[in-house]
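The block underneath contains the structure these notes are about, expressed in structure tokens.
The values are calculated or read from the model by the stated rules, or taken from the named source; none is laboratory data. Small disclaimer: the values here were computed from a predicted structure and weren't measured. Using ideal geometry, Cβ is built from the backbone for each residue, glycine included, and neighbour counts are taken over all protein chains shown. Just so you know, the surface numbers come from the protein's heavy atoms only, side chains and all, with ligands and any DNA or RNA stripped out. Shrake-Rupley method; radii C 1.70, N 1.55, O 1.52, S 1.80 Å.
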Amino acid sequence: MTAKILDGRAFAATIRSRVADHVRRLRDDHGLVPGLAVVLVGEDPASQVYVRSKGRQTAEAGMQGFEHLLAAETPEGELLDLIRRLNDDPRVHGILVQLPLPDHMDAAKVIDAISPDKDVDGFHVLNVGRLGTGQAAMVPCTPLGCVMMLRDHLGDMSGLDAVVLGRSNIVGKPMAQLLLAENCTVTLAHSRTVDLAGVIGRADILVAAAGRPRMIPGDWLKPGATVIDVGINRVPGAGDKTRLVGDVDFDSAVAVAGAITPVPGGVGPMTIACLLANTVTACCRINGLRLPEGLTP
Ligand code: GUN
């Protein structure tokens with residue numbers, strides 16, 4: 001068997017075009033332009049790349065972007081003041097504070113200062129609670145992208161065995177909630193799980209978000225499984241180059257899985273596309289408008 005390759009670049013382009021269509025409708029019918037504020041504290045090179053990419057894609061979708069670049073030594077109180085101003089700014093419908101934050105800042109306090117209605121990351125405790133209790137929530141972008149790809153490939157997921165590897169607040173835990181909402185039987189596995197190979201071997205759906213390069217060999221997979229690889233790990237490549245690999249050993253997995261996302265080009269591009277989708281969703285909710293189809297969970 002050779003797995004179907006789930007093309008995240010193509011699917012993300014579809015999401016972005018749905019976003020752009022909806023942005024056009026909001027402008028033409030309601031005079032609204034969705035606005036996304038992105039805050040970066042410090043000069044982490046990977047974060048700078050993400051923030052630039054978010055700014056570019058926000059503009060391409062016809063939305064308004066607000067970029068706030070703060071020095072690494074900015075006092076926490078200054079960041080909280082900025083968040084309060086963004087909460088009150090009617091041009092801003094989504095607020096994202098890029099993580100990680102410098103050590104002198106309390107990330108939980110910063111996230112909880114963001115208005116839950118503008119929390120397009122879905123990290124605020126109120127949104128975490130809403131997702132866990134089946135209420136309308138802002139959903140974290142990477143798991144939202146994963147569930148969109150799964151729905152697109154599998155359709156109805158009722159009764160399927162889903163294993164999520166990794167228990168982070170950003171990916172693993174919300175992913176488990178979303179799969180539960182899709183009526184899967186969900187196992188949330190992690191670094192202390194006993195017999196990980198046995199657990200993964202029962203999965204019809206595997207979402208790997210452990211952050212360990214190629215830790216899952218193909219012979220751990222259930223034949224025909226759908227594999228979503230969230231891992232983005234940089235490893236030594238040819239000569240003095242480096243390359244990106246996932247948490248799943250793609251070359252052996254592709255012979256066993258029914259479908260698999262590649263790294264790069266799988267889940268990665270979906271994250272920013274879902275951030276744009278969440279910003280449109282937030283703009284609609286804040287203004288009491290019908291939610292966009294195909295962009296909300
Ligand atoms: N850093 C890495 N991923 C993310 C994300 O999804 N949101 C934010 N705010 N920071 C991140």
Self-check item: Pairwise Cα inverse-distance average, inverted: Kirkwood Rh of segment 46-192 (Å)
Solution: 16.9
Practice problem: Just grab the label-to-label distance for Leu180 and Thr133, each label 7 Å out from Cα along the Cβ direction, in nm (one decimal). | Solution: 1.3
Quiz item: How much net charge surrounds Glu182 when only the other residues with a Cβ under 15 Å from the Cβ of Glu182 are counted, with Lys and Arg +1 and Asp and Glu -1?
Solution: -3
Quiz item: Using the Cβ atoms and a cut-off under 10 Å, what net charge is assigned to the surroundings of Pro269, where Lys and Arg are +1 and Asp and Glu are -1?
Solution: +1
Quiz item: For the residue pair Arg91 and Ser53, what label-to-label distance in nm results when each label sits 7 Å from Cα along the Cα-to-beta-carbon direction?
Solution: 2.7
Exercise. Mind putting a number on the dipole of the chain about its Cα centre? Charges go on the C-beta only, +1 for Lys and Arg and -1 for Asp and Glu, and I need it in Debye to the nearest 20.
Key: 480
Exercise. Please figure out what share of the DSSP beta bridges in segment 104-248 is antiparallel and state it in percent, rounded to the nearest 5.
Key: 20
Quiz item: Along the positive direction of the dipole of segment 32-187 (beta-carbon charges: Lys, Arg +1; Asp, Glu -1; about the Cα centre), which of Leu40, Gln64, Val186 reaches farthest?
Solution: Val186
Self-check item: At least 15 Å along the helix axis (C-alpha) and Kyte average at least 0.0, DSSP helices within the chain
Solution: 141-154, 268-286
Practice problem: Compute the Rg to Rh ratio over the chain from the alpha carbon atoms, using the Kirkwood formula for Rh, and round to two decimal places. | Solution: 0.97
Quiz item: So, counting K/R as plus one and D/E as minus one, what does the shell of residues with Cβ under 12 Å around Ala46 add up to?
Solution: 0
Quiz item: For Val235 and His104 in one chain, what is 0.36 nm times their gap in residues minus the Cα-Cα distance, to one decimal in nm?
Solution: 44.2 nm
Self-check item: Surface share of carbon and sulfur [accessible, 1.4 angstrom probe, percent] for the chain
Solution: 51
Quiz item: If you take the alpha carbon radius of gyration of segment 196-285 and divide it by 2.2 N^0.38 Å, what ratio comes out, to two decimals?
Solution: 1.25
Quiz item: Of all DSSP beta bridges located in the chain, what percent are antiparallel, nearest 5?
Solution: 10
Quiz item: Under a plain spin-label model, where a point goes 7 Å from the Cα along Cα-to-Cβ, how far apart in nm are Leu69 and Val194?
Solution: 5.2
